[in-house]
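Reading through the structure tokens given below for one structure.
The values are calculated or read from the model by the stated rules, or taken from the named source; none is laboratory data. From a predicted model like this one, the values you see are computed outputs, not experimental measurements. We place every Cβ from the backbone using ideal geometry, glycine too, and count neighbours over all the protein chains shown.
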Amino acid sequence: ASQWRGVIREYADRLDVSEATPVVTLGEGGTPLIPARALSERTGADVWVKFEGMNPTGSFKDRGMTMAISKALEHGAKAVICASTGNTSASAAAYATHAGITAAVLVPEGKIAMGKLSQAIAHNAELLQVQGNFDDCLDLARELAAKYPVHLVNSVNPDRIEGQKTAAFEVVEALGFAPDFHFIPVGNAGNYTAYHRGYREELDRGETSVLPRMFGFQAAGSAPIVLGEPVKNPETIASAIRIGNPASWELALAARDDSDGYFGAIEDAAILDAHRILSAEVGIFVEPASAISVAGLLERSAAGAIPKGAKVVLTVTGHGLKDPQWALRAADGSDVTPTSVPVDPDAIAGLLGLAPSG
Ligand code: F0G
């Protein structure tokens, strides 16, 4: 068997690349689509999870970043810039350094997970913590890219969304059909837009016969699309999607309308419940923002919006190891502390409730 070649080489015929494009890849894409029996049992639907935490830097951003950095290089860029809640900066840093160019990243001070901050620093980015929120960072990045010779690699760069649409191609290939529903977290709404585009292209090519209904979820304290207006001071424990003025808002509304889709808001407590269910019952560890797909499915299922037997795919966007602290908090909010034991097998057996065998 040959090695997976990354999304540009795997899908070269469906992306805007040519012989002249220098392909910058870390082998992104080809992520698992995992049947989730526990979620199927809870909802009566057939549920699969697309685990995007399995990408090289631990999030779906790598699919778009391989395209954005390759195209930036093709255009002669020596430096790229982005605003980020953490994952985009980790990905931009890794791909830029792999390509031998500089990444400047602007992050909201004190508001991104430690794993993501560590990645950007490890991959040699020029990391600046802005005294503002993500929306301020994005405004700054756009302004800097307009005035100075740095190439913007946020999802307002169309190459990003093009690269990210490949995840929908993989879902269709893995299942042999398109699902009825696709659940996804929403921050800037770029990924929501990208999956819709991927599925739309599959339908138009005649590969599939349904267009999945795109169901996107924002955190309740950070839900501008649901509210219909920007949120000035967005708040949620799901730091990846703490965004008050989504860059791909208009595109996402068009994708919703085309797919008979939906946007919903989920409270932080329900996000953390879903995080526990996914970790403890399915065996998939994600960061809080990713768990909102699961929370959204449970909420919509309880509302009677998901028919029995419906084919449902959830994208979980980022790996749990980026922001692991949430696993150490119990459902009642108390800290989980591992039990300390002596070097004594019988004492350990007793704690595990084991009786001697035979
Ligand atoms: N999930 C995770 C883990 C993310 O990092 C993001 C966005 C999203 C979901 C939402 O995707 O913006 O396309 O709707 N993170 C960006 C970042 C903002 O800077 O890493 P979206």
All but one of (1) in the same structural domain as GLU52 (by TED's automatic domain parsing); (2) out of contact with any helix residue (DSSP H, G or I) (no Cβ under 6 Å at 6 or more places or on another chain) hold for ALA122, so report the exception by its number. (1)
Taking the range 89-106 and keeping only residues that are among the β-branched types (Val, Ile, Thr) and touching a helix residue (DSSP H, G or I) at 6+ places or on another chain (Cβ under 6 Å), one is left with VAL105
If LYS71 meets every condition in (1) buried (at least 24 other Cβ atoms within 10 Å of the Cβ); (2) assigned by TED's automatic domain parsing to the domain that holds LYS147; (3) within 16 Å of the ligand (Cβ to nearest atom) apart from one, which number is that one? (3)
Which of the residues belonging to the range 313-358 are acidic (Asp, Glu) and within 27 Å of LEU117 (Cα to Cα)? ASP323, ASP335
Take the range 141-164 and flag every residue that is within 12 Å of the ligand (Cβ to nearest atom) and closer than 14 Å to HIS196 by Cβ. SER155, ILE161, GLN164
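Taking ALA38, is it in a helix (DSSP H, G or I) and in contact with a helix residue (DSSP H, G or I) (Cβ under 9 Å, 6 or more places away or on another chain)?
Working: in a helix (DSSP H, G or I): yes; in contact with a helix residue (DSSP H, G or I) (Cβ under 9 Å, 6 or more places away or on another chain): yes.
Answer is yes for this residue.
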Restricting attention to the range 196-216, the residues that are within 28 Å of LEU138 (Cα to Cα) and either near the ligand (Cβ under 10 Å from one of its atoms) or acidic (Asp, Glu) (or both) number exactly 1
State all residues of the range 1-16 that are surrounded by 15 or more Cβ atoms within 10 Å (Cβ to Cβ) and assigned to a loop (DSSP other than H, G, I, E, B); if no residue qualifies, say none. ARG5, GLY6, TYR11, LEU15
Quick count over the range 289-318, residues being part of a loop (DSSP other than H, G, I, E, B) and crowded, with 24+ Cβ neighbours inside 10 Å, is 1
Considering each residue of the range 74-93, count those that are within 22 Å of THR31 (Cα to Cα) and within 11 Å of the ligand (Cβ to nearest atom), and give that number. 7
Checking THR25 against (1) in contact (Cβ under 8 Å) with a residue 24 or more places away in the chain; (2) at positive phi, only one condition comes out false. Which one? (2)
Here is a list of conditions, (1) away from the ligand (no atom under 16 Å from the Cβ); (2) surrounded by fewer than 17 Cβ atoms within 10 Å (Cβ to Cβ), and MET114 meets all of them except one; can you say which number that is? (1)
SER40 passes all but one of the listed conditions (1) free of Cβ contacts under 8 Å to residues at least 12 places away in the same chain; (2) over 20 Å from ALA178 (Cβ atoms); the exception is number (2)
